[in-house]
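Each remark here refers to the structure printed beneath this line.
The values are calculated or read from the model by the stated rules, or taken from the named source; none is laboratory data. Source: prediction; values computed, not measured. Reconstructed Cβ throughout: ideal geometry from the backbone, glycine too, with neighbour counts over all protein chains shown.
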Amino acid sequence: MLVEIGIQHVSKIITVDTDETAEEVSKKVDKAINNHETLKITEKKGRVIVVPASTLAYAIVGSETARPVGFGAL
């Protein structure tokens, strides 16, 4: 699942590929914002992305469907 995280006053988007479900990620975002905590999401490769809730602008939780690649996808 791809998750895009926007940070306030930063133009670059953080993209995280995680094994977590959309529901799990949404709950983590809600909890971090409501409790003024840090948002922690673990990537498939094992890295942990940590974002302070106070700097979080938005989070886009993507679909779990794989996108076709190559010229056949046109």
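Observations on the model:
- Filter result for ALA57 (in a helix (DSSP H, G or I), at pLDDT 95 or above and small (Gly, Ala, Ser)): no
- When the stretch 11-45 is filtered for residues that are aliphatic (A, V, I, L, M) and surrounded by 15 or more Cβ atoms within 10 Å (Cβ to Cβ), the ones remaining, listed by number, are VAL16, VAL25, VAL29, ALA32, LEU39, ILE41.
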